[in-house]
Amino acid sequence: MNRFLYLALLACFLWACHEKPRPGSPEHIREVTGGIDDSVLTHAGERQGDWLTYGLDYQEDRYSSLEQINKDNIKTLGLEWSLPLGTQRGLEATALVDDGIMFVTGPWSVVFAIDVRKGTMIWTYDPKVPREHGEKTCCDVVNRGAALYKGKVYVGALDGRLIALDAATGSPIWSVMTVDTTKPYAITGAPRIVDGKVIIGNGGAEFGVRGYVTAYDANTGQQVWRFYTVPGDPSKPFESKAMETAAKTWTGEWWKYGGGGTCWDAMAYDPALKLLYIGTGNGSPWNRQYRSPGGGDNLYLSSIVALNPATGELVWYFQETPGESWDFTATQPIVLADLIIKGQPRKVLMQAPKNGFFYVLDRTNGAFISADPYVYVNWAKGVDSVTGRPIENDFARYTGQNSDVAPNYDGGHNWHPMAYNPKTGLVYIPARENVGMYGHDASWIYNKRGGGTGNGWNVAIGYDSSKPTHRDTAAEKADPKGMLIAWDPVRRKEVWRVDQGSNWNGGLLATAGDIVFQGTEDGYFIAYDASTGAVLWKVTIGGGVIAPPVTYMVDGKQYVTLVAGWGGGVGMKFKGAPLQPGRIYTFALGGAAVMPVPLQQAVVPTIPDIPFTATPQEVAHGKELFRGYCSTCHVIAHGGGGLAPDLAYASAVTHQSFLAIVYRGAYLPFGMPRFGDRLSEKDVQDIQKFILTSAKAAKAR
């Protein structure tokens, strides 16, 4: 036998005899995740067995071609396994799955690796975010997900670090601080991988920061480029031509207040066009009268910016809300699709941002195609069909009056992911309708610690009793409500909707099985008919859900996984279902595991009788301090509270420890801030007297 042929046959024999790594072992994880490169991510949506990136693919459409589970057999869907995560705060993450290995992030930026085949934990990584950093986040200590690339897991930590982990072991490989730690930045969003670079933004506009997005080398953690979304001090050199252009649309001394425009969530990428799309956030402060008193569009707030991913240079932009003054961010999920519009094929970008209009743009050049209200909107009459600029109502900017504005700061759609099904041609939106009162805060003083009069939010929004008030009685009478909307982006109209009593429901998943999956605030996991909205299947989870589900296939079986854990901005104050510890639920056809018994709703205790004395001046002072320091998380006699307790029901023991908790930081390990560095003991006592006075009044009603 030819010597070379013999050696070749021997090599094949030895390879055939080589034992494959055991599924779930470090060798297996290293092997499967090590193959995730740029080519794999470009075609991620075609890998039916896996969910490799935040939105499933670069288009971020969250549409799976799997159809083993479909509307004809979904009634046999059952629990395969569930796994408690030991968490008590909000879970917003999209789970990533590669050949049965799941990676999920949780509160305080903790990362979990899970064996889907067994439903067991493989490893956990805790970045040990300092608990005092919790007060630098507007909306709970959440994290929306990780990224996978060449054997590494990437996570943005709440305190501003970008961390690369060994996917096989969870051990840190490198870590880089992405923010100025003297300013109130935070990261809650998921990183994305584009052409060997990790792309990450941040939050903090509510507290007074300048927004930007940064690219880091995925192998080394070295910064490659940074794109600022709003201009800095014009007396200093501009970082780019884009910033020089933007500065012409601002007035006053905006840079002293941060400016805002933080990139805390939305991204998408077109590898053919080589364009990276980023959604930018609200102004800092919200009220343009303070940050840019001479008016102006304030570029690039509330915009979609298309960047060259190699250099970070601006290619085009579209501003959805010029001169943003309502917290109308454009950070809501972006979806890319190819549509036939007026008989012509168009490469489009779609978004349902907070401002209540559904936008369709040409993603090649940013040209405006359409924008239509998908929920009740009163701040604008519509959007100009040529320019794409909103046609504002005269009361909307609340310059000389207090105004009811719809939608409000929670938006017609928030961060909860929407989905697009190319078979039905419909975009599915977890939407809501609401109204908020906006007015000039004459007492607002910027404070570099972040926020208005010393702490809390840098919004400059209040209620000026000396000014007239514009009421929207119809909107005020309608309770805030949620709905699942199926929207046709070509015909520019709603096709169906499911009204939901709760208004903080989870993100969405669409599948080729003609199903739309969603978890809800009131504790259910539901499958809807993608064409009609009819409920096909429903199971009780018991606790509120805000995260989006994912689907994937392992060893020939399709699974659907839901990460359940109540929280987020609304969840801090309110709950729609009994609070449950964080848990992962995984379903499959014929699944026969027993659903965990949810904790029952605790009976809200009565308001205790606690003796105290207080002067009207002390109560008024405490009320003002409570508004600035406490109301972000806490309510008083308003529904019993959410993750943070309703302080009307605080016990006598709690009140005896009030100074220790609020002033000295006794509850800092749980994320409750320590205010002794900015409030006096007398200030804290006045807050306590306001709480006790309010509780007493509520009990008397």
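Derivation of every value follows stated rules applied to the coordinates shown; laboratory data play no part. The structure presented is a predicted model; accordingly, all values stated were derived computationally and were not measured. Every residue, glycine as well, gets a Cβ built from its backbone with ideal geometry; the counts of neighbours run over all protein chains shown.
With only alpha-carbon atoms in the gyration tensor, what are the semi-axes of the equivalent ellipsoid for segment 454-530, in Å, largest first?
35, 18, 13
Considering every Cα-Cα pair within segment 551-701, what fraction, in whole percent, is farther apart than 23 Å?
48 percent
At what distance in nm do the modelled label points of THR220 and ILE445 sit from each other, each positioned 7 Å from its Cα along Cα→Cβ?
Distance between the two pseudo-spin positions: 4.8 nm.
What number do you get for segment 74-173 when its Cα radius of gyration is normalised by 2.2 N^0.38 Å, N = residues?
Ratio of Rg to 2.2 N^0.38 Å for segment 74-173: 1.12.
By how many nm would the segment from ARG492 to ARG471 grow when fully extended, if each residue of separation counts as 0.36 nm and the alpha-carbon distance is taken off?
My answer for the length gained is 4.6 nm.
Relative contact order for the chain: what percent, with Cα pairs under 8 Å and sequence separation of 6 or more?
So the answer I get is 13 percent.
Have a look at CYS630, VAL570, THR120 and report the one farthest towards the positive end of the charge dipole of the chain, computed about the Cα centre with Cβ charges (Lys/Arg +1, Asp/Glu -1).
The residue sitting farthest along the positive end of the dipole is CYS630.
Give me the one-decimal Kirkwood hydrodynamic radius in Å for segment 308-429, with the sum taken over alpha-carbon pairs.
Mean inverse Cα-Cα distance, inverted, gives 15.5 Å.
Suppose every Lys and Arg Cβ carries +1 and every Asp and Glu Cβ carries -1, with no other charges. What dipole size does the chain come out with about its Cα centre, to the nearest 20 debye?
540 debye
On each of the three principal axes of the Cα atoms of segment 291-367, give max minus min coordinate, whole Å, ordered largest first.
44, 32, 19
Going by a ≥ b ≥ c, the root eigenvalues of the Cα gyration tensor, does segment 217-333 fall in the rounded group (a/c under 1.5), the prolate group (a/b larger than b/c) or the oblate group?
prolate
Taking 0.36 nm per intervening residue step and subtracting the Cα-Cα distance, what contour gain separates ARG30 from GLU67 on full extension?
Contour length minus Cα-Cα distance gives 10.4 nm.
Can you pull the percent of Cα pairs in segment 616-700 with separation above 20 Å?
26 percent
Within 10 Å of each residue's Cβ, count the other Cβ atoms and sort THR94, THR105 from fewest upward.
Listing THR94, THR105 from fewest to most nearby Cβ atoms yields THR94, THR105.
So how strong a dipole does segment 11-166 carry about its Cα centre when Lys and Arg Cβ are +1 and Asp and Glu Cβ are -1, to the nearest 20 debye?
Dipole size: approximately 380 debye.
Return the distance in nm (one decimal) between the two label points of a simple spin-label model at GLU239 and THR251, each offset 7 Å from Cα along Cα→Cβ.
2.6 nm
To one decimal place, what Kirkwood hydrodynamic radius in Å is obtained for segment 355-492 from all pairs of distinct Cα atoms?
That comes to 17.0 Å for segment 355-492.
Expressed in nm to one decimal, what extension gain is obtained for the pair THR387 and ALA593 from 0.36 nm per residue of sequence separation less their Cα-Cα distance?
Residue separation times 0.36 nm, minus the Cα-Cα distance, leaves 68.6 nm.
Computed on alpha carbon atoms, what radius of gyration and Dmax characterise segment 136-205, expressed in Å?
12.0, 36
Does a label point 7 Å from the Cα of MET121, set along Cα-to-beta-carbon, have any residues of segment 639-681 with amide nitrogen under 19 Å, and which are they?
In segment 639-681, the label zone of MET121 (backbone N under 19 Å from the point 7 Å along Cα→Cβ) covers 670.
Rounded if a/c is under 1.5, else prolate if a/b beats b/c, else oblate: with a ≥ b ≥ c from the C-alpha gyration tensor eigenvalues square-rooted, which is segment 194-233?
Taking the square roots of the gyration eigenvalues as a ≥ b ≥ c, segment 194-233 is prolate.
Helix-only mean residue ellipticity at 222 nm, the chain, DSSP H runs n ≥ 4 weighted -39,500 (n - 2.57), per residue, nearest 500. What is it?
After summing the helix terms and dividing by the residues of the chain, the value is -3500 deg cm²/dmol.
Would you mind working out the magnitude of the charge dipole of segment 619-701 relative to its Cα centre, with +1 at each Lys and Arg C-beta and -1 at each Asp and Glu C-beta, to the nearest 20 Debye?
With Lys and Arg at +1 and Asp and Glu at -1, about 180 debye.
Counting C-alpha atoms alone, how compact is segment 14-84: give Rg to one decimal and Dmax as a whole number, in angstrom.
For segment 14-84, the Cα-based Rg and Dmax read 16.2, 47 Å.
Going down the table (LYS623/LYS682; LYS342/LYS493; LYS274/LYS493; LYS71/LYS481; LYS118/LYS538), which pairs top 20 Å between alpha carbons?
In this structure, LYS274/LYS493; LYS71/LYS481; LYS118/LYS538 exceed 20 Å between Cα atoms.
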